[in-house]
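Novice: Below is a structure I'd like to ask you about.
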Amino acid sequence: MRLFNLTRLTIVISLAILLTNLDYAGTKPSNSGLSDYPNKPIHLIVPYPAGGGADFWGRLVAEKLSNALGQPVIVENIPGAGGNNGTAAVAKATPDGYTLLLGSVGPLTVHPYTYKSLPFDPAKDFVPISLLESSPILLVVNPSVQASSLQQLIALAKAHPGTLTFSSNGNGSPEQIAGALFNKEAGVDIRHVPFDGAGPARKDVVKGGVSMMFDPCKAAMAEVIEGKVRAIGVASPTRLAALPNVSTFSEAGIPGFDLRVWTGVLAPTGTSKDIVSKLNHAVQEVLSTPEVEKTVAEQGGTLAHTTPEQFSSYIHAERTKWSKLAIETEIPRVDRPL
């Protein structure tokens, strides 16, 4: 009888240990598919035309990510609709970590409040991986504009209402909101001229077809340095180290004019947490390379080392900010970018 009881006790203990191990195994994070990820090229969708600021940043990051991940990261430009076309393509992609989005402020945080409808849900269709960088908006004018400061520009605009123009990369864009906000706060009437993309909008300012542009600093810097356009105001709390002679809007009597654009990496919803984590670590490695640090500093931008959770919170805060600006400036909702 004693031997039977000991045997029964041994069996019970063994079963308990087995069940505990099975239960633990069920709660462990799955590494399925991660051990060999990535094992083929990754596509980074840039939802803007080649040759623009977003394209430059996408290609720089893709090159460094290729080294960090040991697989080619191929940039694919899918422009159109102010960045909405390429963004929609990623929303519909297979969530396996092989299609990523170079996301930006327009489609993810501004367009929900300036477009009548979108072919994706920016709050539900994407998993944030990491914010990359942010850059203040810079007001640049064609050299023929008779103003070398914000105060002079405001005086010129008031003296000639409706004659000056500002370009943007399309109706409903952050750049249009920046111009509309400037009109409202400065009490001027500078007409909006939308373009299909920031590249064409920027080129027309250089040619003199349009007077000025509220342009992301990282994109405008090259033309400023080359003297093709003149920078007269930066939408940040303090002056930029790269442009110490360019005043802030607050210095010109327009307080709180703090507008930044940004880029980040996202994946389609459904991408596993393990893959998101691996990509986040790879992005942090990229952002720590001397070349990337130097390039962003020269362009007046700020690098952003974030976790996926921090990037998600950042996007949420940006949606709150830009929705208020869209309402304040009475930007009409549009069906098309132009």
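Please treat every number below as a calculation from the coordinates, not as lab data. Because the structure is predicted, anything quoted here is derived from the model rather than measured. Quick reminder, even Gly has a Cβ in these numbers, built from the backbone with ideal geometry, and neighbours come from all protein chains shown.
Novice: Kindly list the residues of segment 206-225 that lie in the label zone of Ser144, defined by a backbone N under 11 Å from the point 7 Å along the Cα-to-C-beta vector.
Specialist: 206-211
Novice: Name the residues whose placed amide hydrogens come within less than 5 Å of the amide hydrogen of Thr99, ignoring near sequence neighbours (fewer than 5 apart) on the same chain.
Specialist: Correct list: His43.
Novice: Moving to a separate point now. Based on the alpha-carbon gyration tensor of segment 39-139 and its eigenvalue square roots a ≥ b ≥ c, which shape applies: rounded if a/c is under 1.5, prolate if not and a/b is larger than b/c, or oblate?
Specialist: oblate
Novice: Show me 237-244, 56-63, 260-267 ranked by packing, highest mean number of other Cβ atoms within 10 Å first.
Specialist: Highest-to-lowest ranking by the protection proxy: 260-267, 56-63, 237-244.
Novice: Would you mind computing, in nm to one decimal, how far apart the modelled labels at Ile225 and Thr94 are, each placed 7 Å from Cα along Cα→Cβ?
Specialist: With each label point 7 Å from Cα toward Cβ, the separation is 4.2 nm.
Novice: Measure out, as a whole number of angstrom, how far apart the alpha-carbon centroids of segment 194-260 and segment 59-111 sit.
Specialist: After rounding, the separation between the Cα centres reads 26 Å.
Novice: Moving on to the next point. At a Förster distance of 25 Å, what's the computed FRET efficiency of Glu298 paired with Lys207, Cβ-Cβ distance as r, to 0.05?
Specialist: Using R0 = 25 Å, I get an efficiency of 0.50.
Novice: To continue, here is another question. Each label point is 7 Å from the Cα along the Cα-to-Cβ direction; what then is the distance between the points at Glu76 and Lys273, in nm?
Specialist: Distance between label points: 2.9 nm.
Novice: Just the number, please: percent antiparallel of the DSSP beta bridges in the chain, rounded to the nearest 5.
Specialist: The antiparallel fraction comes to roughly 60 percent.
Novice: As an exercise, identify the trypsin sites (Lys or Arg not before Pro) in segment 113-191 lying in DSSP coil whose Cβ has no more than 15 other Cβ atoms within 10 Å.
Specialist: Hits after loop and neighbour filter: Lys116, Lys124.
Novice: Kindly count the pairs of lysines across segment 136-252 whose alpha carbons are less than 17 Å apart, treating pairs on different chains or eight or more residues apart as eligible.
Specialist: Step by step, the pairs that qualify in segment 136-252 add up to 5.
Novice: Between Gln71, Gln146, Gln310, which gets the highest mean-square fluctuation from a Gaussian network model of the chain, Cα cutoff 10 Å?
Specialist: Gln146
Novice: Multiply the residue gap between Asp258 and Glu330 by 0.36 nm, knock off their C-alpha separation, and tell me the result in nm, one decimal place.
Specialist: So the extension gain works out to 24.1 nm.
Novice: How much length is gained on full extension from His160 to Glu291, taking 0.36 nm per residue of separation minus their Cα-Cα distance?
Specialist: Length gained, His160 through Glu291: 42.7 nm.
Novice: Want the number for His305 to Asn245: 0.36 nm per residue separation, take away the alpha-carbon distance, what's left?
Specialist: That pair, His305 and Asn245, stretches by 18.7 nm at full extension.
Novice: Taking amide H positions as placed in the peptide plane 1.01 Å from N, state which residues far from Ser168 in sequence (5 or more) or on other chains have amide H under 5 Å from it.
Specialist: Answer set, sorted by chain and number: Val193, Phe195.
Novice: What residues qualify as long-range amide H neighbours of Asn77, i.e. H under 5 Å apart, gap of 5 or more or another chain, H built at 1.01 Å from N?
Specialist: Hits under the 5 Å cutoff: Val46.
Novice: For segment 136-252, what does the alpha-carbon gyration tensor say about shape, rounded, prolate or oblate, given a ≥ b ≥ c as the root eigenvalues, a/c under 1.5 as rounded, and a/b over b/c as prolate?
Specialist: rounded
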